[in-house]
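The values are calculated or read from the model by the stated rules, or taken from the named source; none is laboratory data. All figures in this text were calculated on a predicted structure; none of them were measured in a lab. Cβ: placed from backbone, ideal geometry, glycine included. Neighbour counts: every protein chain shown. Just the protein is used for accessible areas: all its heavy atoms, side chains included, with ligands, DNA and RNA removed. Shrake-Rupley method; radii C 1.70, N 1.55, O 1.52, S 1.80 Å.
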Amino acid sequence: MRARTTLFLLLLVAALAAIILGIERYLPTTRELAEMKKGPIRFDPTKITQIEIESSGGDSVSLASDGAQWWVRSPFNDLADPEKVTKLLTELTAIGWINRVHRSEFDDAAWAKTLLDKPHHTVKLNIGSQTILTASLAAGSPIEGSHYLSLQTAQKGDEIAHYVAKTTLPDLLKTTPQDWRDSKLLRLPTDAILNVKLVQAGGQIELARNDAKAPWMLIKPLSTRASNERVGELLATLVNLTLQEAAEPATSSKPTAHSGAATTTIAGQELKVSVLVKGQTKSFDLTLTRAAKDAPDTSVLTSYRKPIFKVLSKSINDLWLEPNDLRDLMLARIDTEAVSSVDITSALHLPIHLEKKNQSWFIQRHQRLEPANGDRISRFFEALNTFEIYEFTSDSASNLTEYGLDKPFLTASWSDGKDKPTKLHFGTNQASTDFFAKYDHEPSVFRIDASILPSIPQEAIKWKGLGVLRFTQFSLRQISLTAGTAPAIILKYDPTTAQWKGERANQDITPQIDRVKADKLANALARFSVQDWSADPTTAITALQNPALRVVLTLGEPGTNTGPTRDTLLNFAPTQAGQDTTLYFGQVQGDADVFYIARSTLLQILAPVFKTAP
């Protein structure tokens, strides 16, 4: 072999060796690539019990979990912000790894610039007494948005790995120890709160409910319904109290809210708040001291946190409440879907009983159930649920005579068929200038406006269904229309062929009948409904003796043009004799009840059914 060839081969081998060494030195190994892909930081955040944060500026923080919540144990002892702790643990596992670096890649000057020997921040994660991770955040790297970071895990013993990584840890760790303190005085979901007590110099208020969906009740100083909206505002104020300042209490023999000592007197500016949460037997207790009138903050002592806090809230003064501030201003809160029966009793009329069957309402009249006016029942519920109380007149039932509630002129009650019916009594003073209401099971008396009364008719006829006629066109045989003294127009219908025939004054008018218009008339009569029923039919019966319009319907068996038939006669008359009034009286022959019908509805019946007017 020639010397030149040998020299060339030696140079080639040397070059390959240099390339291999460079790859091994500067490019990550297969193991490192796999490690970077998975992320070298892997742990179960729920098992972490302690976090130590050391900063080069000396602001070190020690966090510890008691299994339920996180605490700052150093440099002070208080609740930690759970959102900030969660963010720290999440960010550690979400670090964007760019590359792994080695000490041998840097000269001394370059290595010193990385600050990996003197990191800005070091985070240690412990499970019990074992440190499972030590992460040190150093200087920023030449790659935008990235930093040098050292990592030591329990699985790899004392081995320390260095990385270039993208992370938001610098911003998170720049915070001061005070920033790790929980800024929420009460970090509670409002749905979990079941009981609230407010004690001040003027007395005690207690609110309670059975569960998150149940309505709030005022328990003390009286038992009545509370306003869900007002209680919601109260809870929102409590859970949104934000800490402005915290100070360790000075050593003193004076008992404080967190010392557990009983307090017998309450200063005029103090308010003791006790909040009980579902699933817990121990309450969250606060003592708030309202600042001077021109001061924006309020100091707070708690039974579950040691420092003395100052809080700031635009609505904090709303916590100093009177019982009436929390009472429900609505006359009723009825779950209309659950109600199965309604009873109306009055001093002047017979009792009214309404009941729901198969989602339809019926009224009991003449010892049988008749269809009830569903719209009126809906308006009855809506009126009670939206009617506001004028004034809480009295919370004592000792003297009801002055309110007319010893003998109420009207009582409305409703029941779901399971519990005892709820009864609402109505009364008035002797001059009938003021009206009052009271629930049978409560001592409180409310002053109300009389405008609610028309929504609770005392006459049974007012609750009757508005449907007068209900039949199918297949059972129709004939319609006879007589207006005043004019000859009757007779329209004969064959349900087997759906054909119309007609006559007037014994003359055949079949060719003039518009079949579409005749069908429209039949459909209107088949679903004939009225505006309302007359409570006093005396005037109406006199007017109906000379009707302005008579309609006779002849009905038979559906689908056949033979067999027995029956006639139904309807009479209509204006409410004022000799005039074309907006409302007309109407009556079905054989029925004692008289109804009102709008003139516009009556005109639909009188509308011509002919192609050309005869």
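Return the total of residues in the range 156-170 being in contact with a Leu (Cβ under 8 Å, 6 or more places away or on another chain) and assigned to a loop (DSSP other than H, G, I, E, B).
Of the residues in that region, 2 qualify.
Answer yes or no: is there a residue in the range 62-75 that is among the polar types (S, T, N, Q), open to solvent by less than 40 Å² (accessible area, probe 1.4 Å), over 16 Å from D171 (Cα atoms) and in a helix (DSSP H, G or I).
No, the range 62-75 contains no residue that is among the polar types (S, T, N, Q), open to solvent by less than 40 Å² (accessible area, probe 1.4 Å), over 16 Å from D171 (Cα atoms) and in a helix (DSSP H, G or I).
In this structure, does G465 turn out to be in contact (Cβ under 8 Å) with a residue 12 or more places away in the chain, open to solvent by less than 30 Å² (accessible area, probe 1.4 Å) and more than 59 Å from the chain's Cα centre (by Cα)?
no
If you go through the range 598-614 one residue at a time, how many are part of a loop (DSSP other than H, G, I, E, B) and open to solvent by 20 Å² or more (accessible area, probe 1.4 Å)? Outline the logic, then answer.
As a first pass, look at the range 598-614 and keep what is part of a loop (DSSP other than H, G, I, E, B): 607-609, 611-614.
After this cut, where a residue has to be open to solvent by 20 Å² or more (accessible area, probe 1.4 Å) as well, the list is 607-608, 611-614.
Residues in the range 598-614 being part of a loop (DSSP other than H, G, I, E, B) and open to solvent by 20 Å² or more (accessible area, probe 1.4 Å): 6 in total.
For N228, state whether it is open to solvent by 30 Å² or more (accessible area, probe 1.4 Å), touching a residue at least 12 places away in the same chain (Cβ under 8 Å), polar (S, T, N, Q) and on the phi < 0 side of the Ramachandran plot.
Criteria met by N228.
Quick grid of which residues meet (1) at pLDDT below 90; (2) open to solvent by less than 20 Å² (accessible area, probe 1.4 Å); (3) basic (K, R):
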{"site": "A161", "(1), (2), (3)": "yes, yes, no"}
{"site": "I205", "(1), (2), (3)": "no, yes, no"}
{"site": "L218", "(1), (2), (3)": "no, yes, no"}
{"site": "E248", "(1), (2), (3)": "yes, no, no"}
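Return the residue satisfying two criteria in turn: it lies in the range 392-415 and is among the charged types (D, E, K, R) and at pLDDT 90 or above, and of such residues it is surrounded by the most Cβ atoms within 10 Å (Cβ to Cβ).
Checking each candidate, the answer is E402.
With the range 533-597 as the region, which strands (runs of 3 or more DSSP E) entirely inside it contain at least 2 residues that are polar (S, T, N, Q) and either crowded, with 16+ Cβ neighbours inside 10 Å or in contact with a Cys (Cβ under 7 Å, 6 or more places away or on another chain) (or both)?
566-574
Quick grid of which residues meet (1) open to solvent by less than 40 Å² (accessible area, probe 1.4 Å); (2) not in a strand (DSSP E or B):
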position	(1), (2)
E144	no, yes
H147	no, no
Q152	no, no
L172	yes, yes
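Going residue by residue through the range 399-416, is there one that turns out to be among the charged types (D, E, K, R), within 28 Å of E337 (Cα to Cα) and free of Cβ contacts under 8 Å to residues at least 24 places away in the same chain?
Looking for residues that are among the charged types (D, E, K, R), within 28 Å of E337 (Cα to Cα) and free of Cβ contacts under 8 Å to residues at least 24 places away in the same chain, one finds none in the range 399-416, hence no.
Out of the residues in the range 76-96 that are in a strand (DSSP E or B) and closer than 18 Å to T175 by Cβ, which is modelled with the lowest pLDDT?
Restricting to residues being in a strand (DSSP E or B) and closer than 18 Å to T175 by Cβ, the top hit is D78.
From the list T256, T237, T287, pick out the single residue that is at pLDDT 85 or above, within 24 Å of W71 (Cβ to Cβ) and of a type in the set (S, T, Y).
T287
Do any residues in the range 500-520 that are under 16 Å from L481 (Cβ atoms) and touching a residue at least 12 places away in the same chain (Cβ under 8 Å) have Cβ atoms under 9 Å from those of residues that are of a type in the set (G, A, S) and in a strand (DSSP E or B), where the two are at least six apart or on different chains, and which pairs are they?
I509/G502; Q512/G502; I513/G502; A518/G502
Find the residue count for the range 317-354, including only residues that are open to solvent by 50 Å² or more (accessible area, probe 1.4 Å) and small (G, A, S).
Number of matching residues: 1.
Give the range 97-133 a look and list any residue that's assigned to a helix (DSSP H, G or I) and open to solvent by 40 Å² or more (accessible area, probe 1.4 Å), or say none.
Answer for the range 97-133, where residues must be assigned to a helix (DSSP H, G or I) and open to solvent by 40 Å² or more (accessible area, probe 1.4 Å): R103, S104, E105, D108, A109, A112, K113.
Yes or no, residue by residue, for (1) aliphatic (A, V, I, L, M); (2) out of contact with any Phe, Trp or Tyr (no Cβ under 9 Å at 6 or more places or on another chain); (3) modelled with pLDDT of 90 or more; (4) over 30 Å from G404 (Cα atoms):
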{"residue": "I490", "(1), (2), (3), (4)": "yes, yes, yes, yes"}
{"residue": "P495", "(1), (2), (3), (4)": "no, no, yes, yes"}
{"residue": "E503", "(1), (2), (3), (4)": "no, yes, yes, yes"}
{"residue": "D508", "(1), (2), (3), (4)": "no, yes, yes, yes"}
